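So the structure is just underneath, and the comments pick up after that.
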Amino acid sequence: GIPERKVLNKYYPHDFDPSKVYKRKKSGSKIVRVRTMIPFTAICVQCGTYLYRGTKFNTIKKKISNQTYLGIELYRFYMNCKVCNAIFYFRTDPKSGSYQIEKGLKHIKLINSNKPAAKNSNNDREFYLKLKNIPNNKYLKIILNKFKNK
């Protein structure tokens, strides 16, 4: 029942010898298994799956020996694709304040809709001219009217 699970004292037999217990040696390199989210959107090179920023992965975080940037240690993160199980990895890049993909991924730049668009009348004019050549569409007319009012 329940009381057996909450036992604080453990039973040791009278002939127990702690020196005979096998102890696992710790590895020299600092490998840590963590659950992290990837900090960028990328495509898996093997299967073409989109891996979006904020997707959680079981990760092996490993310190890169003999490499620092202004005293900051560099780390490498090893992960597996959730679809094809291919290994990919990237490392920290303190110089640019981001991450550098090393193998298995292709970085994608997504348009951030939160940032206000830069006002460039030349690009707007070119866009307007391209839209004019598309056959009539009710949504297109709304967009074209917005450009005419500029």
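Where a number appears in this text, it was derived from the coordinates with a stated rule and is not lab data. Quantities reported herein were computed from a predicted structural model and do not represent experimental measurements. Methodologically, a virtual Cβ is constructed for each residue, glycine included, from the backbone with ideal geometry; neighbour enumeration extends over all protein chains shown.
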Could you pull out every residue, at least 5 positions away or on a different chain, whose amide H is within less than 5 Å of the one on Glu102? Hs are placed 1.01 Å off N in the peptide plane, and Pro or chain starts have none. Tyr89, Phe90, Arg91
How big is Rg to Rh over the range 45-112, alpha-carbon atoms, Rh as the Kirkwood inverse-mean-distance radius? 0.99
Given a Förster distance of 30 Å, report the FRET efficiency between Tyr75 and Val21 from their Cβ-Cβ distance, rounded to the nearest 0.05. 0.35
Using amide H atoms built 1.01 Å from N in the peptide plane, name the residues 5+ places from Ala86, or on other chains, whose amide H lies under 5 Å from its own. Cys81
Here the range 92-101 yields Karplus 3J(HN,Hα) values (6.51, -1.76, 1.60; θ = phi - 60°; whole Hz; Gly and Pro given as x) of 6, 9, x, 4, 9, x, 9, 10, 10, 6
Using a 10 Å cut-off on Cβ atoms, rank the peptides 95-101, 80-86, 12-18 from the highest mean neighbour count down. 80-86, 95-101, 12-18
Other-chain or far-sequence residues with amide H under 5 Å of Ile38's (modelled H): Gly54, Thr55, Phe57
